[in-house]
1. Describe numerically, in nm with one decimal, the distance between label points set 7 Å from Cα along Cα→Cβ at residue 319 and at residue 113.
2. For the chain, with a Gaussian network of springs between Cα atoms less than 10 Å apart, report the residue from 71, 26, 168 with the top mean-square fluctuation.
3. Specify the residue with the greatest mean-square fluctuation among 175, 100, 40, computed from a Gaussian network of the chain linking alpha-carbon atoms under 10 Å apart.
4. What relative contact order, as a whole-number percentage, does the chain give when Cα pairs under 8 Å and 6 or more residues apart are counted?
5. Between segment 145-187 and segment 31-72, what is the separation of their alpha carbon centroids in Å?
6. Under 10 Å, Cα contacts only: if you run a Gaussian network model on the chain, which one of 23, 266, 122 comes out with the highest mean-square fluctuation?
7. In µm²/s, what is D for segment 210-295 at 4 °C and 1.567 mPa s, where D = kT/(6 pi eta Rh) by Stokes-Einstein and Rh is the Kirkwood radius from Cα pairs?
8. Ranked highest first by average number of other Cβ atoms within 10 Å, how do 218-224, 235-241 line up?
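Each value in this text was obtained by applying a stated rule to the coordinates, not by laboratory testing. As the structure is a prediction and not an experimental result, all values here were calculated from the model. Note that each Cβ is placed from the backbone with ideal geometry, even for glycine, and that neighbours are counted across all protein chains shown.
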């Protein structure tokens with residue numbers, strides 16, 4: 001059966017897939033544009049970038065596609081407000097935000113008539129986000145890559161959030177690697193769509209280095225670990241020499257912090273610097289965020305092929321008569 005469209009505010013994605021907004025410079029217009037062209041929601045990772053660079057990338061995306069372009073910005077960023085306002089000025093279609101919770105962002109969304117999508121990991125924050133005016137909510141579970149707000153698995157967490165969100169779309173995120181899992185979350189659990197990040201790293205269009213992609217391709221299940229992030233939340237990443245040093249208690253991880261980018265930082269290491277090292281190919285000394293099921297992925301594909309495979313698999317098993325209560 002054909003998958004339903006995903007409507008967020010006044011925007012409609014013909015395919016109910018949101019591409020995760022991975023920072024720093026992992027999710028750029030190079031990835032977001034082909035996703036939007038395929039009918040999904042393409043997302044630029046806005047955290048850790050100078051406002052001018054982010055604006056230029058948003059404007060580039062908007063000139064290259066008529067599809068939906070979102071920007072993901074972590075609330076933990078010191079320049080969160082400037083990044084949000086810069087994104088709106090540059091023409092972003094919606095703002096996706098997590099890694100903390102902002103009440104004021106919904107006032108900004110209302111003032112500038114731009115949908116705000118909240119990433120949450122608990123029923124309480126989901127309920128609050130809907131009450132304050134979120135246009136959609138992303139339920140992100142522990143299988144996700146990057147910063148995590150819960151230890152609960154997606155199929156355990158999602159039903160509790162589904163019970164309290166009734167007025168806006170609810171998106172499932174964390175560890176989804178194929179269309180069968182997508183259909184399961186939509187049909188059995190009542191998701192209105194899914195957010196997928198790690199699978200898009202292994203796309204031809206993703207602009208990270210080849211060594212970054214090889215780290216994904218070579219990762220085994222036991223290589224994907226939880227790490228301490230200076231943001232104050234645990235993160236999920238592929239084990240590198242840098243992480244091994246951190247696990248052994250090395251004290252010389254910080255170096256010089258050039259960015260001062262976080263509202264609160266442990267200064268154990270510079271996360272922006274480590275993410276960029278990995279992005280540029282210095283994987284041994286970098287931080288490679290990845291979802292728990294990254295080890296299941298074994299090939300680099302064009303974005304179009306990823307979409308086609310997801311849709312074909314999902315539509316082969318999807319049924320519109322959802323049996324949501326059976327998992328609640």
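1. 4.3 nm
2. 168
3. 100
4. Numbers: 751 pairs, mean separation 63.4, N = 328.
Relative contact order, the chain: 19 percent.
5. Cα centres, segment 145-187 to segment 31-72: 24 Å.
6. 266
7. Numbers: Rh = 13.0 Å.
Answer from the Stokes-Einstein relation: 99 µm²/s.
8. Values: 218-224: 14.0, 235-241: 21.1.
For the peptides 218-224, 235-241, the packing ranking is 235-241, 218-224.
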